[in-house]
Every structure is written in structure tokens, then in C-alpha cells.
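What follows is a short report on a single structure.
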Amino acid sequence: MVPVSVVIITKNVADIIKGCIEKARELTDDIIIIYNGSEEETVDIVAKDGCKFYNKTWDGYGANKNKGVEAAKYSWILSIDADEIPDDELIIAIHNLNFNYTRVVYDIGFRSYFGGKLVRFGSWGRDHHVRLFNREFVKWSETMVHEKLMLPAFIQKKKIDGHIHHYSVKSVQEFDTKGSYYARLSAKKYFRIGKKTNVVKLYISPIFGFLKNYIICLGFLDGRAGWDIARITVKHTRRKYHFLSQMKITGEKTQSAKDSLVVEY
């Protein structure tokens, strides 16, 4: 075991969380589950695996991740979602780290799956995130969506071997539902900080995003999955700014972003 706590946020994902916990067990004796759901099977799996379980109200991605960080036994944190599973190479790399040097964070490569198919190209094929950090210096921003780790200027960022395998969506319909939900959250965030929309953001930016994702980054090489990712991403970029334009006209009358999640994560 290494002095790292694994913090997992989850809703109703009994079909995959067991695999996530099993890999976390290869790293640590401290696994924290921040739960926001109603699925008894998920609760049973977590209870049998001896994790620290906290059923928390939903205050946003960053806020709920910080709840798990605060409850952790160790200062070093590996922060993942229930549909994200570290591979053997990453587990070995973490075991070989020197944890005495605390002013560093580790950037981990992701391998993402669409309907069970590994996506090798496009924006998903290049995905990577900082997920291993020391809480003495680093915490999550508490925005409702697209949370980020707040890194002081003195923090050094390093790559690490291995990957986190992200089983993101099972179907086109699920991706569309998730995207619409995130678009609404992003619109609310933009509305609150006074961000404006215009013709470029509504029409030009989505088209450029499609060309970059599907053509420049070779998303077409992923076949139908690459096409679906590119076209639905365009749709949701437009939705985000469409929702924002509606809110500018009518004011913020949309459903509170602090309501329970309507999609899995």
C-alpha cells in the first residue's frame, strides 16, 4: 500500500463501480465514496468492500470532490469517478513514486470508451487530466460544472506512466442526455459570471470544433463512434450558448443546478 487516499464520486453505477474499487484496493487501504443516488445495489457493493461511504447532497462536482478530499486519511489524493478505472501500469507507477516531495501533481493519460469501443483519435483520444495531488496545496474549484484543480504557481506538473480507463457512455442516447445536462449547467455558470453570447459562439465556434475534432485530430478514424462524438459535441456547444441567450432574455428561471443529477457520472 502507498500513502494515497482514493476519492470516488458516484451516483447509480453498480454495473461498474466494483471494478473501480478493486483497482483502488491495489493502491490503498483508504477509499472514500461520495454518493448521491438511490440505488441499493451500489450501496451494497460499497458496504461489502469496506470503503468509507458518505451519502452527500449534491452541491456540484468540485464541491463534492472536496468533501471526499477532506474525509481522506492521507494527504495524497487520487481523485476519480466511479466509471474510471486505473490500469496496471498506472498502479505500478504510483507505487514507485516518492511521496516525500509534495509540491508536485501528476497528469494522467485517459483512455475513453464510447459504447464499449476504445476511442483512439479526436479530442477523446488525447484526453489527460491531473488527478493525483497533495491536498495540502491543491483543491478543486467549486463550480457546478467543469471543475478544475487550483494549482499554486510553485506546483510542478509531471506526467506519469499508465492510464485511467474512462467508460464514459454506453450509447448515443446517453451521450446526448449527458451533453444536454452539462450544456445547461455551463449556461448557468456563464450567466452568473456575466459571459455573453454572439453569432460566432453560436454558429462559427461549433463548426470549427467539429472540424478540429473530426478532421484535424483524425476523429474519423474511429468510425461511427468518432462521427457521433464530433456531431453531438457540436450540438451541445450550440445548446450551451442557446440556453445562455435564453437566460439573458428571460433571466435565470431554469432549474437550480443544485438539484439532484438527472444523469449518471
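Determine, from the Cβ-Cβ distance of residue 15 and residue 156 and an R0 of 45 Å, the FRET efficiency 1/(1 + (r/R0)^6), rounded to the nearest 0.05. Please report the intermediate quantities before stating the final value.
Numbers: r = 38 Å, r/R0 = 0.84.
Given R0 = 45 Å and the Cβ-Cβ separation, E is 0.75.
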How big is the equivalent ellipsoid of segment 158-239 along its three axes, where each semi-axis is √(5λ) from the Cα gyration tensor, reported in whole Å from largest to smallest?
24, 17, 15
Zone of residue 120 (label point 7 Å along Cα→Cβ, backbone N under 19 Å): which residues in segment 200-232?
213-230
Multiply the residue separation of residue 248 and residue 26 by 0.36 nm, subtract the distance between their alpha-carbon atoms, and state the gained length in nm to one decimal.
75.0 nm
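Where does each of 202-209, 218-225 land if you order them by average Cβ count within 10 Å, highest first?
On the way: 202-209: 14.9, 218-225: 17.0.
Per-residue Cβ counts within 10 Å, averaged per peptide and sorted highest first, yield 218-225, 202-209.
Set the Förster distance to 25 Å, then compute FRET efficiency between residue 53 and residue 170 from the Cβ-Cβ distance, nearest 0.05. Before the final figure, lay out each step's value.
On the way: r = 25 Å, r/R0 = 1.00.
The value I calculate is 0.50.
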Calculate, for residue 142 and residue 2, the FRET efficiency according to 1/(1 + (r/R0)^6) with r their C-beta to C-beta distance and R0 30 Å; round to the nearest 0.05.
0.60
Taking the alpha-carbon distance from residue 158 and a cut-off under 26 Å, which lysines remain once sequence neighbours fewer than 8 residues away in the same chain are dropped?
23, 65, 67, 73, 139, 148
Any aspartates and glutamates with Cα under 15 Å of the residue 235 Cα? List them, leaving off those in the same chain fewer than 8 positions away.
174, 176
Rounded to the nearest Å, what's the spacing between the alpha carbon centres of segment 22-37 and segment 79-97? Just the number, please.
12 Å
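Here, each number is a calculation from the coordinates, and none is a lab measurement. Predicted model, so just to flag it, every value in this text is computed and none were measured. Note that each Cβ is placed from the backbone with ideal geometry, even for glycine, and that neighbours are counted across all protein chains shown.
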